[in-house]
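**Student:** One structure, pasted below without further comment.
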Amino acid sequence: MMLARVAETLFTVARDLERAETTARLLEVTHAMELETGQSGAEDWGTLLQILSDHDAFVAAHRTIDGATVGWHLTLSDENPDSIQAIVARARSRARSVRDRLSTELWEALNGFHIEFADWDGSRMQREGVYSLSRVVRQRSYLLQGLIETTMRHDDHWTFLRLGRALERATLSARLVGVRAGDLSQSPADGGALLEQHRWESLLRAGFADEPYARTHPEISPRAVVRFLVLDERLPRSVAYALGMVEECQRSLIGDLSMAPEAPPLQLTREARAYLDEGASAELMLDAAGYLDRVQEYCARIERSIRTTCFAAAYRRPGGEWDAQAQGQSQN
Amino acid sequence: MFAADGATRAVYRPLSSRLDRLNARHLDLRSALAQDGFVAQGITFSHDGAERAFPFDVLPRLIDAEEWQQIERGIEQRVRALDAFVRDVYRHRRAVHDGVIPNARVINSRGFLREVMGITPPLGRHVHLAGIDLVRGGDGRWLVLEDNLRNPSGLSYVLQNRVFMRRVFPEAFSDYRVAPVGQAISQLRAGLAAASPDGAGEVRIAVLTPGPENAAYYEHAFLAQQLGVPLVEGSDLVVRGQRLYMKTTVGRERVNVLYRRIDDDFLDPSCLRQDSLLGVGGLLQAYRQGNVAICNAPGNGVADDKSTYAYVPDLIRYYTHEEPILDQVQTFLLDRDEDREYALDHLEDLVVKSVDGSGGYGILVGPHASPEERDAMARRVVADPAGYIAQETVSLSRAPAYIDGEFRPRHVDLRPFVMFGAQPTVVPGGLTRVALREGSLVVNSSQGGGGKDTWVVR
């Protein structure tokens with residue numbers, strides 16, 4: 001039995017936390033690559049904006065795209081509703097409204113994350129660098145995932161957390177690879193080949209796939225990298241793995257009677273996985289970017305379907321008057 | 001902690017000698033550990049609009065078990081009588097007919113809810129969870145200061161204070177046999193389950209909260225979690241066919257016992273406050289039909305009204321046919337001419353409270369007030385005599401609190417909690433509230449008061 005509002009809140013909190021972790025990871029990896037190649041990296045920072053934010057809006061509002069401006073935008077900026085800071089504050093606030101359903105340890109860790117992160121400001125970022133901040137975010141993120149795994153009973157509440165995380169991961173991984181794969185058809189100009197090599201390595205690192213890839217492939221080949229990151233069913237950050245989790249979660253919810261059998265989002269998920277498999281040989285090679293665009297569309301449709309099916313009865317508190325009434329209740 | 005002659009009271013001697021052996025740094029560390037724990041868990045109470053960790057004092061407040069027995073019996077008696085009074089108010093009003101309390105007091109009470117006239121809840125129980133505020137005067141006598149029969153809060157702090165004490169000051173427990181409090185949750189659950197209109201086999205409890213913006217939200221979430229029942233907001237609920245349901249991911253799920261932490265007025269926008277966003281339309285009708293129990297029942301405010309308070313000793317005699325075991329503070333009803341004349345002549349000796357205040361606001365503490373403040377209050381009283389009562393001042397006892405590295409005496413009161421299912425059950429001890437500002441008599445957490453663990457000891 002799950003309240004619709006609680007299900008939606010858990011789903012959304014998990015999505016937010018996954019996004020925060022991915023943002024941190026991508027920042028680290030892009031920064032490392034810039035240091036490694038010694039190049040200005042405006043293109044690479046621009047790519048991050050395409051994946052995690054609104055590239056065109058950023059360009060319109062700022063003159064330069066570089067590590068400093070994009071780094072700030074994605075971490076502590078007040079103007080970005082998806083900055084890590086905004087995400088963590090939001091996640092903590094939402095989690096508080098369902099804290100009775102989280103284990104005490106999990107709530108403590110998330111609350112602690114918020115408290116720790118509130119300490120970060122521009123001058124601390126300057127002193128300690130984006131690495132340090134990313135490390136904090138990732139470590140807290142892994143702690144939370146561990147606590148979710150081991151201190152909560154694996155019931156429908158737990159499953160909605162997993163579902164949110166899985167869907168966000170599928171979306172971001174597809175987008176991440178799709179943005180880079182646009183270049184698959186072009187061969188790099190002379191001298192650009194090394195940079196390209198670094199970029200593909202970076203992409204692998206972002207998905208924690210660099211070491212596993214090296215074990216199973218003789219060299220960096222763009223096509224092989226794309227296939228690995230999209231289709232490898234054992235790689236936790238691949239699109240295939242994430243979509244598999246999305247399906248598994250829904251079957252579990254149906255088993256727990258928290259989702260109707262043969263619900264539309266489950267059918268959509270199966271379609272998406274079938275598309276992923278089909279496209280594996282043919283389309284992937286011809287038009288990887290288009291193929292991954294379609295995968296992202298599937299993810300968006302799955303999310304809308306989950307909302308319609310499960311969260312229809314969830315009511316977003318309108319704030320303002322509601323908060324005033326809540327505050328005014330006497331608790332003598 | 002100290003007797004009138006300054007000697008350490010017997011019950012405190014083991015604690016006192018242990019404290020002597022402990023150096024200040026240790027106590028500082030323990031205190032900080034407790035505070036950090038409260039912050040980490042977000043055990044908070046809103047104060048001045050900000051979320052603050054509940055100020056927890058690391059020294060327990062001790063009550064001798066024999067002394068406690070008397071208090072316990074007195075509270076049980078009082079809650080039985082108050083419950084009977086509420087039942088009577090909304091049925092035949094025999095106490096009024098028999099001249100124990102005037103009808104005007106009843107129907108003019110802010111807490112009187114005419115919409116629930118004639119409704120008899122399951123077991124006839126109106127008071128499921130009460131907090132009875134007590135003070136221990138200088139002469140060692142316990143007095144009832146106030147009854148809280150609507151949304152008494154603090155039970156979560158009672159339980160968490162004990163958990164934290166075990167964590168940060170475990171050795172103190174070996175000096176005493178301390179009565180446990182952990183059973184409070186199962187007792188609360190039993191009390192709520194007893195209210196089920198569908199019998200013991202069909203108990204579907206939910207806790208209704210106004211949401212995270214409310215000052216006591218932590219407690220709502222904690223209790224729901226400990227009870228193992230859903231925490232709902234008004235928008236999660238719907239009434240269909242005069243039955244109450246929760247909105248789930250796959251449809252509706254029945255609720256037949258609603259432990260609500262919102263005010264009466266906000267329960268049902270279809271017949272009470274129309275602008276309420278916190279309740280659910282049709283709830284009172286479902287209640288009237290006997291399809292849902294509401295705990296505490298709507299309309300209890302008629303019995304914890306400050307103007308009804310003066311009649312409680314007589315009500316106890318009327319319903320229980322016994323003398324009240326616990327005394328209460330002498331109270332003057334200011335719309336009675338002789339009471340008002342006396343009060344206005346003795347303002348510097350009395351406490352004047354507005355009848356519908358709660359949380360420690362709207363009070364004149366005569367001995368501490370300036371002549372201007374007393375005059376202002378006198379004018380308010382003359383303008384609206386029925387809106388005020390006056391009470392003799394009671395010197396709250398003091399207990400040592402650990403503040404800024406030292407033991408400082410601070411005024412304390414006591415709020416024991418009573419669960420009332422088939423029988424009333426009192427949780428041993430209760431919440432000791434501490435006025436943290438030196439000399440202050442105001443202990444309410446909404447005004448920055450803190451808390452101590454309370455030990456009933458042998």
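The values are calculated or read from the model by the stated rules, or taken from the named source; none is laboratory data. Given the structure is predicted, the values throughout are model-derived calculations rather than measurements. Backbone-built Cβ (ideal geometry, glycine too); neighbour counts: all protein chains shown. For the accessible areas, the whole protein counts, side chains as well, though only heavy atoms, and no ligand, DNA or RNA atoms are used. Shrake-Rupley method; radii C 1.70, N 1.55, O 1.52, S 1.80 Å.
**Student:** Open to solvent by less than 10 Å² (accessible area, probe 1.4 Å), more than 23 Å from A:ALA324 (Cα to Cα), hydrophobic (A, V, I, L, M, F, W, C) and touching a helix residue (DSSP H, G or I) at 6+ places or on another chain (Cβ under 9 Å), is that true of B:ALA216? Steps first, please.
**Tutor:** Working: open to solvent by less than 10 Å² (accessible area, probe 1.4 Å): yes; more than 23 Å from A:ALA324 (Cα to Cα): no; hydrophobic (A, V, I, L, M, F, W, C): yes; touching a helix residue (DSSP H, G or I) at 6+ places or on another chain (Cβ under 9 Å): yes.
Taking the combined requirement at face value, the residue does not satisfy it.
**Student:** A further question on this structure: Got a sec? Which helices (runs of 4 or more DSSP H) wholly within region A:62-152 have at least 3 residues that are under 19 Å from B:ILE43 (Cβ atoms) and within 21 Å of the chain's Cα centre (by Cα)? So that I can check it myself, show each step before the final result.
**Tutor:** Values: elements: A:67-75, A:84-97, A:104-117, A:122-151.
The qualifying helices (runs of 4 or more DSSP H) are A:84-97, A:104-117.
**Student:** I'd like to know if region A:236-250 contains one or more residues that are more than 14 Å from chain B (Cβ to nearest Cβ), hydrophobic (A, V, I, L, M, F, W, C) and open to solvent by 20 Å² or more (accessible area, probe 1.4 Å). Break it down stepwise before answering.
**Tutor:** Step one: filter region A:236-250 for residues more than 14 Å from chain B (Cβ to nearest Cβ), giving A:236-248.
Now narrow it down to the ones that are hydrophobic (A, V, I, L, M, F, W, C): A:239-240, A:242-243, A:245-246.
If we keep only those that are open to solvent by 20 Å² or more (accessible area, probe 1.4 Å) too, we end up with none.
There is no residue in region A:236-250 that is more than 14 Å from chain B (Cβ to nearest Cβ), hydrophobic (A, V, I, L, M, F, W, C) and open to solvent by 20 Å² or more (accessible area, probe 1.4 Å).
**Student:** Which of the residues belonging to region B:189-213 are open to solvent by less than 20 Å² (accessible area, probe 1.4 Å), touching a residue at least 24 places away in the same chain (Cβ under 8 Å) and within 14 Å of chain A (Cβ to nearest Cβ)? Steps first, please.
**Tutor:** Here is the first cut: in region B:189-213, the ones open to solvent by less than 20 Å² (accessible area, probe 1.4 Å) are B:191-192, B:195-196, B:205-212.
Now restrict to residues that are touching a residue at least 24 places away in the same chain (Cβ under 8 Å): B:191-192, B:195-196, B:205-211.
Listed by number, the residues that qualify are B:ILE205, B:ALA206, B:VAL207, B:LEU208, B:THR209, B:PRO210, B:GLY211.
**Student:** Here's something else I'd like to know. Checking A:SER83 against (1) modelled with pLDDT under 95; (2) within 14 Å of another protein chain (Cβ to nearest Cβ), only one condition comes out false. Which one?
**Tutor:** Exception for A:SER83: condition (2).
**Student:** Looking at region B:356-366, is at least one residue part of a helix (DSSP H, G or I) and open to solvent by 70 Å² or more (accessible area, probe 1.4 Å)?
**Tutor:** So in region B:356-366, the residues part of a helix (DSSP H, G or I) come out as B:366.
Still in the list and also open to solvent by 70 Å² or more (accessible area, probe 1.4 Å): none.
No: zero hits.
**Student:** Sticking with this structure for a sec: Kindly list the number of the only condition in (1) basic (Lys, Arg); (2) touching a residue at least 40 places away in the same chain (Cβ under 8 Å); (3) within 14 Å of another protein chain (Cβ to nearest Cβ); (4) in a loop (DSSP other than H, G, I, E, B) that fails for A:ARG307.
**Tutor:** (4)
**Student:** Suppose we keep only residues that are of a type in the set (Ser, Thr, Tyr) and more than 10 Å from chain A (Cβ to nearest Cβ) within region B:246-282. Which one would you say is least open to solvent (accessible area, probe 1.4 Å)? I'd like the intermediate steps shown before the answer.
**Tutor:** We begin by selecting, within region B:246-282, every residue of a type in the set (Ser, Thr, Tyr); these are B:248-249, B:259, B:270, B:276.
Okay, now just the ones that are also more than 10 Å from chain A (Cβ to nearest Cβ), so B:259, B:270.
Values: B:TYR259: 11, B:SER270: 83 Å².
Among them, the one singled out is B:TYR259.
**Student:** I would also like to ask the following. Is region A:289-302 home to any residue that is more than 13 Å from chain B (Cβ to nearest Cβ), touching a Pro at 6+ places or on another chain (Cβ under 8 Å) and within 26 Å of A:ARG175 (Cβ to Cβ)? Before the answer, list the steps.
**Tutor:** Filtering region A:289-302 down to residues more than 13 Å from chain B (Cβ to nearest Cβ) leaves A:289-302.
Subset that is touching a Pro at 6+ places or on another chain (Cβ under 8 Å): A:302.
Adding the requirement that they be within 26 Å of A:ARG175 (Cβ to Cβ) leaves A:302.
Looking through region A:289-302, at least one residue is more than 13 Å from chain B (Cβ to nearest Cβ), touching a Pro at 6+ places or on another chain (Cβ under 8 Å) and within 26 Å of A:ARG175 (Cβ to Cβ).
**Student:** For region A:1-17, name all the residues that are farther than 14 Å from A:CYS249 by Cα and part of a helix (DSSP H, G or I).
**Tutor:** Answer for region A:1-17, where residues must be farther than 14 Å from A:CYS249 by Cα and part of a helix (DSSP H, G or I): A:ALA4, A:ARG5, A:VAL6, A:GLU8, A:THR9, A:THR12, A:VAL13, A:ARG15, A:ASP16, A:LEU17.
**Student:** Okay, next question. Looking at (1) charged (D, E, K, R); (2) more than 8 Å from chain B (Cβ to nearest Cβ); (3) part of a helix (DSSP H, G or I), which is the one condition that is false for A:ASP323?
**Tutor:** Exception for A:ASP323: condition (2).
**Student:** Being within 13 Å of chain B (Cβ to nearest Cβ), more than 20 Å from the chain's Cα centre (by Cα) and small (Gly, Ala, Ser) narrows it down to one residue among A:ALA274, A:ALA312, A:ALA280; which is it? Break it down stepwise before answering.
**Tutor:** Details: A:ALA274 fails: within 13 Å of chain B (Cβ to nearest Cβ); A:ALA280 fails: within 13 Å of chain B (Cβ to nearest Cβ).
Sole residue among the options that is within 13 Å of chain B (Cβ to nearest Cβ), more than 20 Å from the chain's Cα centre (by Cα) and small (Gly, Ala, Ser): A:ALA312.
**Student:** Just checking: which of the strands (runs of 3 or more DSSP E) contained wholly in region B:39-156 hold 2 or more residues that are open to solvent by 30 Å² or more (accessible area, probe 1.4 Å) and at negative phi?
**Tutor:** Working: elements: B:44-47, B:50-53, B:56-64, B:129-136, B:142-148.
Hits in region B:39-156: B:44-47, B:50-53, B:142-148.
**Student:** If you don't mind, another one. When both residues are 6+ apart or on different chains and their Cβ atoms are under 7 Å apart, which pairs have a first residue that lies in region B:269-292 and is free of Cβ contacts under 8 Å to residues at least 60 places away in the same chain, and a second that is of a type in the set (S, T, N, Q) and surrounded by 18 or more Cβ atoms within 10 Å (Cβ to Cβ)?
**Tutor:** B:PRO269/B:SER276; B:SER276/A:GLN325; B:LEU277/A:GLN325
**Student:** Another question, if that's okay. Considering only region B:328-345, how many residues are touching a residue at least 24 places away in the same chain (Cβ under 8 Å) and surrounded by fewer than 14 Cβ atoms within 10 Å (Cβ to Cβ)?
**Tutor:** Qualifying residue count for the region: 1.
**Student:** Which of (1) facing chain A (nearest Cβ under 8 Å); (2) in a loop (DSSP other than H, G, I, E, B); (3) open to solvent by less than 20 Å² (accessible area, probe 1.4 Å) is the odd one out, the single condition B:ALA221 does not satisfy?
**Tutor:** Unmet for B:ALA221, out of (1) facing chain A (nearest Cβ under 8 Å); (2) in a loop (DSSP other than H, G, I, E, B); (3) open to solvent by less than 20 Å² (accessible area, probe 1.4 Å): (2).
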